[in-house]
There are 2 protein chains.
Amino acid sequence: MAFSPDDPPDDVGARQRLTEVDGLAQLSFVIQGMLERRAAEHDLSVIQTRLLGVLRDRQPTMNELARLLGLDKSSVTGLVDRAERRGLVRRAPSAADRRAVLVSLTEDGHAFVTRAAGGFAGDITTLLGVLSPGERATLAGLVSQLLVAHAAKGGIDLFA
Amino acid sequence: MAFSPDDPPDDVGARQRLTEVDGLAQLSFVIQGMLERRAAEHDLSVIQTRLLGVLRDRQPTMNELARLLGLDKSSVTGLVDRAERRGLVRRAPSAADRRAVLVSLTEDGHAFVTRAAGGFAGDITTLLGVLSPGERATLAGLVSQLLVAHAAKGGIDLFA
DNA sequence: TATTGTTATACTCTATAACTATA
DNA sequence: TATAGTTATAGAGTATAACAATA
């Protein structure tokens, strides 16, 4: 199991005999590491970056935000507090429900997430650079299959 | 970009047209989520589980542990403190260097990590269940290629 | 002097429980 | 009563800086 993705290079030999389980686990650590480094470039945590990413095409209430991020509403209060203090998001009262608060990106927030997303996309492109175009297409297809099946299972669970 | 891996099921349609970047990002979130859930089953965090995983076949010093986990040594002090308090790891003085401290798994720690790893392997196997044996082999091969190339790049950086 | 590890401190992130305001 | 959001509180995880013991 892939608990040490950053082992020294003398482990490269071991990586060439990776099982499916180890390979996917290590890949997830590598990709999460890329996200972390890109977020850190802008002095953001992964969760702050993810908050901004969620807000790119949405203007949810605090409650919806909690559901989207899988966090308790009180955690989202703090998350949005810190982002707001940095001028990345703003709160606005909801016209439809005077208890509710709508959260949206500021100009700065939009700029941050766009730059971070671009850098991350570059990381993935670099990672995929060793594959031929055909291999990349094959990989993308297989990954899509996995995600579609996984999402469908999640959907069934949700409505069961 | 995949900042919302847990979007509601009406996003499944969108997932069928995933780009390579989005697909890999979402896959990493799905896998990390599996790790989190398996760790939580044993009341552990991902980093605590990873600590135990690293110790399965090693008995490193605090310093080596910090390098393996990519953390500051002071962070590792706290991490090991909490794991030791729960009886999962133990500290022992190094015979070779009286400044150094060796960290190792206890019986309990070994049992915990073995169970968590087994559950996680099952999750991945289930995830891969929608693919044919040939597709699984293809995927594993491509993932290995990516990781080997990535590790090699890391190695070059380390020795540059 | 340099290195190993811990301590002191501060901040982010997270959850639970209690609270206010609105529905 | 129920829901939306905040506050109070507690704990994990992380880093920086200062420190003690050893090399």
message = When you check A:Asp10 against the structure, is it surrounded by fewer than 15 Cβ atoms within 10 Å (Cβ to Cβ), at pLDDT 90 or above and on the phi < 0 side of the Ramachandran plot, yes or no?
response = no
inquiry  = For segment A:82-96, give me the residue count where each residue is within 8 Å of DNA strand C (Cβ to nearest atom) and touching a residue at least 24 places away in the same chain (Cβ under 8 Å).
reply    = 2
ask   = Is it true that some residue in segment A:110-117 is facing chain B (nearest Cβ under 8 Å), more than 16 Å from DNA strand D (Cβ to nearest atom) and touching a residue at least 24 places away in the same chain (Cβ under 8 Å)?
value = yes
note = Out of (1) within 19 Å of B:Met34 (Cβ to Cβ); (2) crowded, with 22+ Cβ neighbours inside 10 Å; (3) hydrophobic (A, V, I, L, M, F, W, C); (4) within 12 Å of DNA strand C (Cβ to nearest atom), the one A:Ala25 does not meet is (4)
key: Unique match (being facing chain A (nearest Cβ under 9 Å) and either without any contact (Cβ under 8 Å) to a residue 12 or more places away in the chain or closer than 20 Å to A:Phe29 by Cα (or both)) among B:Leu51, B:Leu79, B:Leu71   = B:Leu51
remark   = Scanning segment A:43-92 residue by residue, those buried (at least 18 other Cβ atoms within 10 Å of the Cβ), assigned to a loop (DSSP other than H, G, I, E, B) and among the small types (Gly, Ala, Ser) turn out to be none
query = Within the group B:Arg56, B:Arg115, which residue is in contact with a strand residue (DSSP E or B) (Cβ under 9 Å, 6 or more places away or on another chain), closer than 24 Å to A:Leu27 by Cα and away from DNA strand C (no atom under 16 Å from the Cβ)?
reply = B:Arg56
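Within segment A:130-140, is even one residue within 12 Å of chain B (Cβ to nearest Cβ) and closer than 18 Å to A:Ser45 by Cβ? Quick ask: steps written out before the conclusion?
Residues of segment A:130-140 within 12 Å of chain B (Cβ to nearest Cβ): A:130-140.
Narrowing the set further to residues that are closer than 18 Å to A:Ser45 by Cβ leaves none.
No: zero hits.
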ask   = In segment A:38-72, which residue that is under 15 Å from A:Ser94 (Cβ atoms) and among the charged types (D, E, K, R) is nearest to DNA strand D (Cβ to nearest atom)?
value = A:Glu64
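The values are calculated or read from the model by the stated rules, or taken from the named source; none is laboratory data. Please read these numbers as outputs of a predicted model, since none were measured by experiment. Glycine gets a Cβ as well: all are built from the backbone with ideal geometry, and neighbour counts include every protein chain shown.
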